[in-house]
Amino acid sequence: MAEAILSVSDIHKSFGALKASDGISLDLFPGEIHALIGPNGAGKSTLIKQIAGGLKPDSGRVHFCGQDVTTLNVPERARMGLARTFQISALAMSFTVLENVMLGCVGEARGVFSFFRPVMTHPGLLKRAHAALDRVALRDFADVTTSELSHGQRRQLEVAVALTLNPTAFLMDEPMAGLGAEGSKALTDLLAELKQEAPILLVEHDMDAVFALADRISVLVYGKIIATGSVDDIRSNADVRSAYLGEEDEA
Amino acid sequence: MLPERLLNAVILLTLLAVPLAALALDEPFIITLATKVTILALAGVGLNLALGQGGLVSFGHAAYFGLGGYAMGILASHAQSFTPLMEVPFLIEGTKSMPVIWITAIIVSSLAALLIGALSLRTSGVYFIMVTLAFGQMFYYFAISWPAYGGEDGLSIYVRNGFPGLNTLVPIQFFGICFVLLCVVLFFVSRLNRSAFGLALDGAHQHSERALTVGININRVRLVAFVISGGITGLAGALFADLNRFVSPTMFSWHTSGEIMIFIILGGVARICGPIAGAAAYIILEHYLGDVSEYWQVYLGFILLFVVLFAKGGIVGALTGSRGKAHG
């Protein structure tokens with residue numbers, strides 16, 4: 001099997017007595033969507049933060065693109081091509097749609113310390129920005145203020161900003177959250193397409209989407225991964241059924 | 001509602017027209033008031049970059065204003081007493097040349113902003129406000145207790161510093177210098193707001209997590225903005241000292257920080273010409289309400305309360321409506 005692009009090895013993180021990450025190991029291989037599921041409070045968000053660089057693990061390492069990135073911070077990992085989307089849209093709300101995407105282009109081009117040249121007429125960056133908006137079908141909304149977008153459009157814009165980073169891996173925290181059936185379907189199709197460019201570590205509650213998209217699934221319960229495997233493996237795994245899926249069936 | 005660009009032109013032209021009219025009517029005091037507005041507006045433009053664009057509520061910008069003032073005071077006092085500033089390890093003489101004083105003021109205040117920013121930008125929110133306030137007060141008490149340059153009494157400069165080719169003692173000529181400097185700085189800041197740096201600074205202000213996640217080192221962006229901001233306010237301090245031909249520790253006091261902040265809030269936070277409108281309103285109120293009552297600041301308080309509660313965009317916001325496109 002090919003070398004993992006992203007790999008988490010034996011990560012521990014405690015908040016007081018609470019073990020949010022209790023020896024988690026996880027790999028993300030080229031071309032795959034690896035879904036991370038688990039009940040609320042399982043430690044998914046804590047894990048995502050440690051992978052993105054916002055939180056330092058107590059012990060264990062994170063490797064990205066064959067490099068130990070455990071000590072790197074969020075912007076350093078982002079510049080290596082780790083593209084993250086957030087559970088709650090993290091966008092500059094008074095920016096236009098295009099300005100939000102341009103912010104990503106500026107970060108990717110390491111062009112922040114340009115003080116005199118107007119950025120919104122920069123041909124190279126604009127081309128990248130429009131290309132990203134085209135991918136998520138938001139080009140017609142380029143000049144709309146972000147706060148005026150619908151919830152679904154904001155989710156699409158999140159993905160567009162991630163695309164500007166020239167990603168080597170995606171880290172997506174519940175991209176489907178709050179989307180209707182139609183929006184969910186459109187985004188599912190987009191993610192299936194994106195995984196060819198860069199593998200996706202997908203945290204998601206929408207089980208239909210997970211089962212439709214995921215090549216592999218890991219199940220996180222109380223800070224531990226209790227199972228990793230294909231969709232069928234996970235569906236038939238007794239531990240998983242009792243810990244997670246079973247509860248949902250009864251509910 | 002006016003387009004913001006038109007309003008900016010109106011504001012700048014009014015600031016230019018008033019002293020010219022005063023010149024025609026032979027009212028030199030009005031020219032001096034207009035010069036004061038211009039200089040205080042410049043200080044506000046400096047703070048507005050940090051506070052408005054960057055969301056960095058510095059309550060210590062008097063430090064840079066005062067450093068600019070003392071840069072002028074110290075250089076000019078050595079020049080007027082014909083004693084060198086220092087002889088070891090190399091000779092530094094005082095100077096009465098405005099351009100040299102300006103450059104010194106900008107360098108000194110930028111360096112102070114670099115140091116203070118590097119330490120205080122580790123904090124945020126109320127702590128940031130308090131840390132910057134504390135640094136400002138440190139300079140204030142240092143200036144009071146340093147007898148070499150007047151201590152509490154401050155420093156008087158007998159003759160205004162010179163600018164090649166101009167007679168700076170003529171009020172309208174000194175106003176001209178200040179007005180041109182304000183326009184140059186406004187041009188620079190408006191370009192900055194539209195640049196990649198401006199986008200990143202505003203992006204980090206609106207959503208810091210977002211800016212980090214696209215690989216922007218927001219601490220560095222903020223520090224650079226803070227340094228530029230301090231440098232501009234320092235330049236204003238040097239001009240202010242030259243206007244009064246006097247420097248005193250008051251320039252360092254937290255009242256000064258508060259006043260500069262009031263210009264911005266009155267005029268419109270993050271609006272390019274907000275500080276001009278705010279400083280003008282403040283000086284007009286001070287002058288005319290000051291005639292009515294010694295306690296004119298009570299009325300100022302009511303006006304500020306009104307702006308904060310009902311007109312958050314300040315004067316510029318009230319006249320132009322929605323937030324102007326900063327980056328387009």
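The values are calculated or read from the model by the stated rules, or taken from the named source; none is laboratory data. None of the values given here were measured: they were computed from a predicted structure. Here Cβ is always computed from backbone atoms with ideal geometry, including for glycine, and neighbour counts include all displayed protein chains. Please note that ligands, DNA and RNA were not included when accessible areas were found on the heavy atoms of the full protein model with its side chains. Shrake-Rupley method; radii C 1.70, N 1.55, O 1.52, S 1.80 Å.
Residues in the stretch B:190-208: is at least one among the hydrophobic types (A, V, I, L, M, F, W, C) and open to solvent by 20 Å² or more (accessible area, probe 1.4 Å)? No, that holds for no residue.
I'm trying to understand the selection: among the residues of the stretch B:238-249, which are open to solvent by 10 Å² or more (accessible area, probe 1.4 Å) and in contact with a strand residue (DSSP E or B) (Cβ under 6 Å, 6 or more places away or on another chain)? Spell out how you get there, then give the answer.
First, pick out the residues of the stretch B:238-249 that are open to solvent by 10 Å² or more (accessible area, probe 1.4 Å): B:240, B:243-246, B:248.
Residue satisfying the conditions is B:F246 alone.
Which ones in the stretch A:10-28 are at positive phi and open to solvent by less than 60 Å² (accessible area, probe 1.4 Å)? Write out each step before concluding.
Of the residues in the stretch A:10-28, the ones at positive phi are A:10, A:16, A:23.
Passing the criteria: only A:G23.
Take the stretch A:114-137 and flag every residue that is within 12 Å of chain B (Cβ to nearest Cβ) and not in a helix (DSSP H, G or I). The answer is A:S114, A:F115, A:F116, A:R117, A:P118, A:H122.
Residue pairs whose Cβ atoms lie under 8 Å apart, separated by 6 or more positions or on different chains, with the first residue in the stretch B:191-202 and more than 7 Å from every other protein chain (Cβ to nearest Cβ) and under 18 Å from B:R271 (Cβ atoms) and the second in a helix (DSSP H, G or I) and of a type in the set (A, V, I, L, M, F, W, C), are B:G198/A:V119; B:G198/B:L192; B:L201/B:V221; B:L201/B:A225.
Reported count of residues in the stretch A:149-165, each being within 14 Å of chain B (Cβ to nearest Cβ) and not in a helix (DSSP H, G or I), is 2.
Condition check ((1) touching a Gly at 6+ places or on another chain (Cβ under 7 Å); (2) open to solvent by less than 10 Å² (accessible area, probe 1.4 Å); (3) closer than 17 Å to B:V159 by Cα) across all residues:
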position	(1), (2), (3)
B:S58	no, yes, no
B:A71	no, no, yes
B:I74	no, no, yes
B:Q80	no, no, yes
B:L91	no, no, no
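For the stretch A:138-148, state whether one or more residues are among the basic types (K, R) and assigned to a helix (DSSP H, G or I). Before you say what the answer is, go through the steps one by one.
Initially, the stretch A:138-148 is screened for residues among the basic types (K, R), giving A:139.
Going one step further and asking which of them are assigned to a helix (DSSP H, G or I), we end up with A:139.
Checked against the condition, which is being among the basic types (K, R) and assigned to a helix (DSSP H, G or I), the stretch A:138-148 yields at least one hit.
Residue-wise test of (1) touching a helix residue (DSSP H, G or I) at 6+ places or on another chain (Cβ under 6 Å); (2) touching a residue at least 60 places away in the same chain (Cβ under 8 Å).
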position: B:G54; (1), (2): yes, yes
position: B:G60; (1), (2): yes, yes
position: B:A71; (1), (2): yes, yes
position: B:P89; (1), (2): no, no
position: B:I92; (1), (2): no, no
position: B:S97; (1), (2): no, yes
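Has the stretch B:250-258 got at least one residue that is among the aromatic types (F, W, Y), within 26 Å of B:A71 (Cβ to Cβ) and open to solvent by 20 Å² or more (accessible area, probe 1.4 Å)?
The answer is yes, given that some residue of the stretch B:250-258 is among the aromatic types (F, W, Y), within 26 Å of B:A71 (Cβ to Cβ) and open to solvent by 20 Å² or more (accessible area, probe 1.4 Å).
Restricting the stretch A:212-237 to residues that are surrounded by fewer than 16 Cβ atoms within 10 Å (Cβ to Cβ) and not charged (D, E, K, R), the residue that is farthest from A:T168 (Cα to Cα) is A:S236. Suppose we keep only residues that are open to solvent by less than 10 Å² (accessible area, probe 1.4 Å) and outside any helix (DSSP H, G or I) within the stretch B:209-237. Which one would you say is nearest to B:G68 (Cα to Cα)? Among them, the one singled out is B:I216.
Residues that are within 9 Å of chain B (Cβ to nearest Cβ): find the helices (runs of 4 or more DSSP H) completely inside the stretch A:26-113 holding 2 or more of those. If you could, list the steps in order and put the result at the bottom.
Working: elements: A:44-52, A:74-79, A:97-108.
Output list reads A:74-79, A:97-108.
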